[in-house]
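The values are calculated or read from the model by the stated rules, or taken from the named source; none is laboratory data. What you see is a predicted model, and the numbers here were worked out from it, not measured in a lab. Positions of Cβ are backbone-derived with ideal geometry, glycine not excepted, and every protein chain shown enters the neighbour counts. All accessible areas refer to the heavy atoms of the entire protein, side chains included, with ligands and DNA or RNA removed. Shrake-Rupley method; radii C 1.70, N 1.55, O 1.52, S 1.80 Å.
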Amino acid sequence: MAAPVQFWFEFASTYSYLSAMRIEQLAAEKGVPIDWQPFLLGPIFAEQGWNTSPFTIYPAKGRYMWRDMERLCAARALPFQRPDPFPQNSLTAARLAVAITSQDQRAAFTRAVYMAEFGEGRDISAASTLTDCLAAAGLPAAFIESAQDPKVKAALFAQSSRAKELDLFGAPSFVVGDEVFWGDDRLVDAINHALAI
């Protein structure tokens, strides 16, 4: 069996949307298992002196990214709407993803959040958006209360610590064994590496 690919994603990440919507199909074609790993980039960015997304800090980079997203989504037949504000507050969504123990349900919830955010331009910090995303994953609306569980909060904090230990600096990132691949354009490389080790 192929080595698993750890898919480290941040809900506020535009390029993570692209990966989340195609990773399972690409991996299934090669028989590679996917391990969905939500985390927050905020603490990592803060250590670099950033208080928001680099796409906001550097306007030229941001303009390029939005146009790039338009091109890539059109090429992949994915809906795309720029959310306002950007970046979105992804804390509650990340906590919920951590609280979902089933990988299949976590994947379904993750895709639903990304579709709401970047496909429909909805606010992913809103309870109504998140309960819709939970429903898409087959989970009850009451599951949203899990985001306030101290154990879940601690688990997400631990995820950020793990991301730092892995030396992750952006999302999406793919970890295969001891190798890290960063960016949606490295997804296929990560899957191929999983087959080679």
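Just a few scattered comments:
- Checking each residue in segment 143-168 for being part of a helix (DSSP H, G or I) and of a type in the set (D, E, K, R) picks out 145, 151, 153, 162, 164, 165.
- Qualifying residue in segment 98-107 (condition: touching a helix residue (DSSP H, G or I) at 6+ places or on another chain (Cβ under 9 Å), modelled with pLDDT under 95, within 30 Å of residue 151 (Cα to Cα) and of a type in the set (A, V, I, L, M)): no
- Filtered residue count, segment 153-186, keeping only those that are open to solvent by 20 Å² or more (accessible area, probe 1.4 Å) and farther than 16 Å from residue 47 by Cβ: 12
- Of all residues making up segment 22-61, the number that are modelled with pLDDT of 95 or more, surrounded by 14 or more Cβ atoms within 10 Å (Cβ to Cβ) and in a helix (DSSP H, G or I): 4
Quick grid of which residues meet (1) under 19 Å from residue 168 (Cβ atoms); (2) not β-branched (Val, Ile, Thr):
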| position | (1), (2) |
| --- | --- |
| 13 | yes, yes |
| 23 | yes, no |
| 33 | no, yes |
| 62 | no, yes |
| 66 | no, yes |
| 81 | no, yes |
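- Note on segment 70-142: enclosed helices (runs of 4 or more DSSP H) holding 3 or more residues that are open to solvent by 60 Å² or more (accessible area, probe 1.4 Å) and without any contact (Cβ under 8 Å) to a residue 24 or more places away in the chain are 127-136.
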